[in-house]
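Take a look at the structure below.
The values are calculated or read from the model by the stated rules, or taken from the named source; none is laboratory data. Note that the structure is predicted; figures quoted are calculated from it, not measured. Positions of Cβ are generated from backbone atoms using ideal geometry, with glycine treated the same way; all protein chains shown enter the neighbour counts. Surface areas here come from the heavy atoms of the whole protein model, side chains and all, with no ligands, DNA or RNA. Shrake-Rupley method; radii C 1.70, N 1.55, O 1.52, S 1.80 Å.
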Amino acid sequence: MHSRKLKVRRQVFLLSCALLFAAANAVAQESSSKPNESPAGTLSETPSSGGPSAALRAVLTATCSQNQADFVRFLTARNKEAFSRMSPPARVALMKRFVLLNEPGKPTISSNPAGRPIVRCQTPDVTTEMQIGGAELRDNIAFLPMELRDPTDSTGEDVHQVVMGFVREDGEWKLLSLGLLLLDLPALEVEWDAAEIESTEKSAIESVYKVAAAVEAYRNKYAHLPESLANLGPPLHGTASGEGAGLLDSDLANGMKNGYNIRYAILGASTLGAPAKYELSGTPRQYGRTGRRSFFRDANGTLHAADRHGAVGSATDPKLE
């Protein structure tokens, strides 16, 4: 079962890479060694040294746990800037491609008999194991062969081999290429964001529902509507109160979540004494990159959705089925 899951993830990985990165055949032709081989005439990094092997080990550890702060340390300045502009779901999706796992995992590090590093990424459903070979160093460029496998595969039939490229930038090793493909995020960041729009829109819908539930919980507890989303966020000091009820995380309390702006508006009580009502809206922060549809929850609790080219939705928009 694990082997089949890994094979599916490998196929998704290769397809995603084809969409993600620009081809770099010249890079690919320079390195093809397996984890325990190094061609004659190249300088090979020893198992105990740091350098690019340590950098790749750290990259795999960061991507396994989906730790963005650690991952960006190994991006070139150009790619780091582009990565910061990508939507949160797109950034996570990129990191998933390095370990072929959908969920954050627990990384562990060991060594093979030759002393080469092995990074294992374990999730509740499946585990991948990545063995790093010796680096071939050429001036400021390094190529490291890596074998990725399902550790339960004793026959080795499902082993995937890839060569990772690194470049020395300001004295530190940064990601350059993945297999035959050059890591060039600025050239493809818009396309990568667009590929994740379905995910960001789904997250926006969940955010609107989550805020609505928090508003109702606040009203039930304090007998009135919160004045703003900030009242639903974490308390600034001490225990929860009407000023900070602790019903939403800080991002939603600030009106931003996964590439969408979330707005809350009180409509006021009716002249007949009915309780005040409110409306919620979710609009993409960057239309076409973090989302296309705008979402609107009307005063009666019905959710509407429409492509408004980044503008706020309304109750006249089609109901979301």
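Scanning region 120-136 for residues that are closer than 15 Å to Gln161 by Cβ and either out of contact with any strand residue (DSSP E or B) (no Cβ under 6 Å at 6 or more places or on another chain) or not small (Gly, Ala, Ser) (or both) yields a total of 6. Selection within region 201-220: residues that are basic (Lys, Arg) and at pLDDT below 95. The member of this set that is least open to solvent (accessible area, probe 1.4 Å) is Arg219.
When residues in region 63-85 are screened for being of a type in the set (A, V, I, L, M, F, W, C), out of contact with any Lys or Arg (no Cβ under 8 Å at 6 or more places or on another chain) and either under 15 Å from Ser177 (Cα atoms) or in contact (Cβ under 8 Å) with a residue 12 or more places away in the chain (or both), 3 of them pass.
Restricting region 91-131 to residues that are small (Gly, Ala, Ser) and touching a residue at least 60 places away in the same chain (Cβ under 8 Å), which is surrounded by the most Cβ atoms within 10 Å (Cβ to Cβ)? Explain how you work it out, then say what you get.
Within region 91-131, the first condition is being small (Gly, Ala, Ser), and the residues that meet it are 93, 105, 110-111, 114-115.
Applying the additional criterion that residues be touching a residue at least 60 places away in the same chain (Cβ under 8 Å) yields 93, 111, 114-115.
Working: Ala93: 19, Ser111: 13, Ala114: 11, Gly115: 10.
Looking at residues that are small (Gly, Ala, Ser) and touching a residue at least 60 places away in the same chain (Cβ under 8 Å), I get Ala93.
Among the candidates Leu247, Leu267, the residue that is open to solvent by 60 Å² or more (accessible area, probe 1.4 Å) and either in contact with a Leu (Cβ under 6 Å, 6 or more places away or on another chain) or not in a strand (DSSP E or B) (or both) is uniquely Leu247.
The sole residue among Asn254, Asn261 that is in contact with a helix residue (DSSP H, G or I) (Cβ under 9 Å, 6 or more places away or on another chain), of a type in the set (S, T, N, Q) and open to solvent by 20 Å² or more (accessible area, probe 1.4 Å) is Asn254. Ala77 meets each of the listed conditions (1) out of contact with any Ser or Thr (no Cβ under 9 Å at 6 or more places or on another chain); (2) open to solvent by less than 40 Å² (accessible area, probe 1.4 Å); (3) not charged (D, E, K, R) apart from (2). For region 282-310, which positions are touching a residue at least 40 places away in the same chain (Cβ under 8 Å) and farther than 18 Å from Glu206 by Cα? Residues satisfying the conditions are Gln286, Gly288, Arg289.
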